[in-house]
Amino acid sequence: MTSSPQTTPGATALHPGYLPPVSSAPFVASAIASSLGLPGVADAAFAVGLLYWLAFGTVILGSLVTGGPLPGPAHPALTVLTIPPATGGIAWTAAHERPPVRLTGK
């Protein structure tokens, strides 16, 4: 009688595909709250998105660095790592809108 070994999810259970919905959704909510005139909600949603991006992003990037090499077809999927900072930038710009700076030659 043989028993199969118990498998536990390790670092490979988290992959970059989990990052956009977890960290970008609060950034999108922040941009929407800013456009609705709710600055407190926008700041809170931005903080949640930043926290999730740093937490999940660190774990996922660490598993990518310390894990085995990715298969060739999976390399383009790494572009999802650029989604949270892009949506975060949009949310920050929406929440902290300022008039453009005019440069004069004077």
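Solvent-accessible area of Ser23, all protein chains in place: 0 Å² (probe radius 1.4 Å, heavy atoms, ligands and nucleic acids excluded). Computed over region 15-106, the P(r) tail beyond 24 angstrom holds 35 percent of alpha carbon pairs.
The values are calculated or read from the model by the stated rules, or taken from the named source; none is laboratory data. What you see is a predicted model, and the numbers here were worked out from it, not measured in a lab. All accessible areas refer to the heavy atoms of the entire protein, side chains included, with ligands and DNA or RNA removed. Shrake-Rupley method; radii C 1.70, N 1.55, O 1.52, S 1.80 Å.
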